[in-house]
Amino acid sequence: MSYGKRITWLNDREQKNNNKQQTNKIILFDMDGTLTYPRKPFDQDLTPSLIKLSQYADIGIVTGSDLDYVEQQLEFLLNHKQLRNKLHLLPCNGTKYYKPPKCEFNNFELVSEVNMKEVLDHGTFKNLMISLIEAQSSIDLHYLPLTGHFISYRGSMINWCPIGRNANDEQRKFFVHYDTAYERTYREKLKEQLERTLRHKSILKHITIKFGGSTSFDIYPNGWDKRYCLSHFNDWETWFVGDRCEDGGNDQELYEFLFDEGRSFKTEDTNQTRLIIDEQIIPKLINCETK
């Protein structure tokens, strides 16, 4: 979906929300920092809250990660008999969509996906990848741990992790401390450097760069932020809970889009996510049903 079509679609959706009583409801959740700690398994303390929530709405997982990370981190949730048939999986900001299984033993069904190579021409995509390799080569070797899997092409987006996605907990913790030790974070400086390079090469006008999680960047065509997932639920009432809702965070656009409707929430960790479900979302859903 092109950027222009995305804006037109979002405007049409807002108009439909104003003119139509919604029936189906879906609560969308970010994954890392919301349902899990970064790169950790699903926090099973959330299970009772999600089971109760599923009585009133479907549940969507919208994340910048690809399906392999979703399956690794949410294995418990994806195999839970009371929840799996209510789960919608939306990897890569929802540019990939897997519907809930039709029966207990079926897999999640891929029904939609897009590829950024179809939007960016071959030369632009190649120069973007070269620029990321050059940016990675500029990393401070004296201070930062370097592991592996620095640049991950996910079809509809690229994830760049300066220390590598193979980093262990100690290495990730060190990077987070190094990143936030000064008023301007290390990742902010890296982002500005990359943007200058891409602007000079006339690439920046085609793409968006966002902070992904606590150690990486998500890079994708303009308009392919997490609001993209809403195109799969055009006639649904949608809610959202995420942790990276600040400027530059990869939850920002979806959080702000639903904020004025009172249907988006910023969380700090999985415990706060549980409180948001129990004390804010479920009571509002019950109140709507009783009207």
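The values are calculated or read from the model by the stated rules, or taken from the named source; none is laboratory data. Keep in mind that what you see is a predicted model, and the values were worked out from it rather than measured. Glycine gets a Cβ as well: all are built from the backbone with ideal geometry, and neighbour counts include every protein chain shown.
Selection of the range 40-71 for residues being hydroxyl-bearing (Ser, Thr, Tyr), in a loop (DSSP other than H, G, I, E, B) and touching a Pro at 6+ places or on another chain (Cβ under 9 Å) yields Thr63, Ser65. Identify, by number, the condition in (1) farther than 26 Å from Arg227 by Cβ; (2) in contact (Cβ under 8 Å) with a residue 24 or more places away in the chain; (3) aromatic (Phe, Trp, Tyr) that Phe105 doesn't meet. Tallying (1) farther than 26 Å from Arg227 by Cβ; (2) in contact (Cβ under 8 Å) with a residue 24 or more places away in the chain; (3) aromatic (Phe, Trp, Tyr), Phe105 fails exactly one: (2).
Criterion applied to Leu230, Leu190 was being in a helix (DSSP H, G or I), in contact with a strand residue (DSSP E or B) (Cβ under 7 Å, 6 or more places away or on another chain) and either hydrophobic (A, V, I, L, M, F, W, C) or more than 26 Å from Val62 (Cα to Cα) (or both), and the one residue passing it is Leu230.
Checked against the criterion of being out of contact with any Asp or Glu (no Cβ under 6 Å at 6 or more places or on another chain) and at pLDDT 95 or above, the range 13-24 has no qualifying residue. Pairs meeting the criteria (first residue in the range 203-226 and in contact (Cβ under 8 Å) with a residue 60 or more places away in the chain and farther than 16 Å from Ser131 by Cα, second residue outside any strand (DSSP E or B) and among the hydroxyl-bearing types (Ser, Thr, Tyr), beta carbons under 6 Å, at least 6 apart or on different chains) are Asn222/Tyr3; Gly223/Tyr3; Trp224/Thr95. Just one of (1) of a type outside the set (Gly, Ala, Ser); (2) out of contact with any helix residue (DSSP H, G or I) (no Cβ under 9 Å at 6 or more places or on another chain); (3) surrounded by fewer than 14 Cβ atoms within 10 Å (Cβ to Cβ); (4) assigned by TED's automatic domain parsing to the domain that holds Leu204 fails for Glu109. It is (4). Checking each residue in the range 235-274 for being in contact with a Ser or Thr (Cβ under 6 Å, 6 or more places away or on another chain) and within 24 Å of Thr215 (Cβ to Cβ) picks out Phe240, Val241, Gly242, Asp243, Tyr255, Thr267, Thr273. Residues being in contact with a Ser or Thr (Cβ under 8 Å, 6 or more places away or on another chain) and closer than 17 Å to Asn234 by Cα: count how many of those fall in the range 61-108. Selection size over the range 61-108: 6.
The condition (being at pLDDT below 95 and either surrounded by fewer than 20 Cβ atoms within 10 Å (Cβ to Cβ) or among the aliphatic types (A, V, I, L, M) (or both)) is satisfied by just one residue among Glu261, Glu256, Glu195, Glu279: Glu261.
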